[in-house]
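Here is the structure we will look at.
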Amino acid sequence: MEKLAYDEERIIEEFSTLVQKMKFEMNFFERKLQTWREEYDNVQKDVTKYITNPINAYLMIKRTTSDLKHIESRVTNLFFKFNRNIKDIQPSQEDLDGAVGGLLRLQKIYKLKTEDIVNGIIEGEKTSRKFKPHDIYTIAKHALFIGNNDYYVKEYISELRKKIQEDGDEFKEIDEISASIIEKSLTTKNSVDLAPEPDSFIKNKIYLRSKESILYSQMCRGENSKSPKESALLKCRYISTSPFSKLAPFKVEEADMSANLVLFHDVIYDSEIEILKNASKSRFIRGTIYTEGTNTQKTDQRIAKVAWLKDVAVDVIHRISRRVEDMTGLTTKTAEELQIQNYGIGGHYQPHWDMKKKEENPFDLGTGNRIATVLFYLSTVEKGGATVFPYLKVYVPAVKGMAAFWYNLKDNGDCDYYTRHAACPVLLGSKWVANKWLHEYGQEFNRPCSTGHYVETTEESYIKEFY
């Protein structure tokens, strides 16, 4: 998005050159160009603030994709050279789908009103300009084809009609037929599809993905937290597990002691964070999830960019690995490379485990399962973006310099199913994190098995408790 915020100027200049060659509808094109330049001036006032607002990000991508397509339909014969000149910097149709999908995801998770979105309002705060009719129409049109969004399609069509009636359509970009076609496509839908998603479910000890989705959304909104009685048992303390940390003990906040989930404060520095960000930008790829065996795939369950950094790649990474050992008392010799993640518009990761279940194929590193996770926060997120553990009732906000640590496995090697967690969608701001996954091999003396009788926890046992 940051690159597009600067590349947009080149697209505008190319469009300006195109407008000068036009011999008809000059009033329309000149007004369109002037409006676009005003929008771009607004971007440049504070690029970071602009592009980390999901409404603004959608509008910028729409300007450089859908708006240009609409203009091209009026003067097709003049657009060949223009398209060729901006091809290398213009966002794709997939980018626009992603921006619309991100906005709709935020509405679902955080219960944002469609009326507020079209007026540039997020959680009661005015953050962007009001939508024009074509802005609303584009969301409705794309929402039809990206998931179960019929309820929101209906809402955006309603807002579109209201907007045209109240303010008119300055550029005459929407006709009654366009809106009617979308509306007609909804008439065959089940009434359930045209109703808002439920906020609660009936508890009958049966797991359904839809139930977990509701639980996940509630946690992201800060609901279902621990009771005051449960929270009173948690403490803040200093710990030291090495000669170095005896001199400078770590500040630790307990979040849930059943999974030894703790938060380390002030454990990564601004200078280190900037190095990690710069080192990862050229290595970013779309985040994936594990499927069958060791295969991975791209999916809407995880919307993020990821990069892997070796300890030898940058000196600071080796230093962070040593710090992880001091923090946890575990070795990083069998750990995975440091993974950097950046979550953009509506970026999220639905509920998942970090470890592999016993019936799944193991990780292909030959170092056993992921015994523990260290999650460093490289930015503070203005709104949203928390890490939530629905079955531990833990909500961890993204705070720069902090790190979360937890064990994915019990000390007998069983999976701790209560550590299922999720990355909530980023509502305002940008989320950067770094993962260090520690593996079983080499931890035999660092975390030995305790003696006693074990009752194996199954996935079903925790499911019944919550559903």
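The values are calculated or read from the model by the stated rules, or taken from the named source; none is laboratory data. Predicted model only: the values in this text are computed from it and were never measured. No Cβ is skipped: glycine too gets one built from the backbone with ideal geometry, and neighbour counts run over all protein chains shown.
Only one entry in 189, 163, 172 is touching a helix residue (DSSP H, G or I) at 6+ places or on another chain (Cβ under 9 Å) and at pLDDT 85 or above, namely 163.
For the stretch 1-101, list the helices (runs of 4 or more DSSP H) that sit wholly inside it and hold at least 3 residues that are under 30 Å from residue 347 (Cβ atoms) and touching a strand residue (DSSP E or B) at 6+ places or on another chain (Cβ under 6 Å); which are they?
On the way: elements: 2-21, 26-45, 47-51, 54-63, 66-72, 79-86.
Filter on the stretch 1-101 gives an empty set.
A count restricted to the stretch 207-244 and to residues that are part of a loop (DSSP other than H, G, I, E, B) and over 18 Å from the mean Cα position of the chain (by Cα) stands at 14. Residues of the stretch 102-139 that are over 20 Å from residue 42 (Cβ atoms), assigned to a loop (DSSP other than H, G, I, E, B) and of a type outside the set (A, V, I, L, M): 111, 113, 123, 124. Scanning the stretch 26-39 for residues that are loosely packed, with under 14 Cβ neighbours inside 10 Å and modelled with pLDDT under 90 yields 26, 27, 31. Given the criteria modelled with pLDDT of 90 or more, within 22 Å of the chain's Cα centre (by Cα) and not assigned by TED's automatic domain parsing to the domain that holds residue 382, does residue 104 qualify? Yes; evaluated as a whole, the condition is true for this residue. Scanning the stretch 393-432 for residues that are assigned to a loop (DSSP other than H, G, I, E, B), aliphatic (A, V, I, L, M) and crowded, with 23+ Cβ neighbours inside 10 Å yields a single hit, 398.
Among the residues of the stretch 40-65, what is the count of those that are surrounded by fewer than 18 Cβ atoms within 10 Å (Cβ to Cβ) and either aliphatic (A, V, I, L, M) or under 26 Å from the mean Cα position of the chain (by Cα) (or both)?
Qualifying residue count, the stretch 40-65: 8.
To keep it simple, each residue is scored yes or no on (1) of a type in the set (Phe, Trp, Tyr); (2) in contact with a helix residue (DSSP H, G or I) (Cβ under 7 Å, 6 or more places away or on another chain); (3) in the same structural domain as residue 432 (by TED's automatic domain parsing); (4) under 22 Å from residue 280 (Cβ atoms).
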position: 307; (1), (2), (3), (4): no, yes, yes, yes
position: 319; (1), (2), (3), (4): no, no, yes, yes
position: 334; (1), (2), (3), (4): no, no, yes, no
position: 345; (1), (2), (3), (4): no, yes, yes, yes
position: 361; (1), (2), (3), (4): no, no, yes, no
position: 377; (1), (2), (3), (4): yes, no, yes, yes
position: 385; (1), (2), (3), (4): no, no, yes, yes
position: 407; (1), (2), (3), (4): yes, no, yes, no
position: 410; (1), (2), (3), (4): no, no, yes, no
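Scan the stretch 305-348 residue by residue and report those that are in contact with a His (Cβ under 8 Å, 6 or more places away or on another chain) and either charged (D, E, K, R) or closer than 30 Å to residue 428 by Cα (or both). Listed by number, the residues that qualify are 311, 336.
None of 331, 373, 367 is assigned to a loop (DSSP other than H, G, I, E, B), in contact with a strand residue (DSSP E or B) (Cβ under 7 Å, 6 or more places away or on another chain), in contact (Cβ under 8 Å) with a residue 12 or more places away in the chain and surrounded by fewer than 23 Cβ atoms within 10 Å (Cβ to Cβ) except 367.
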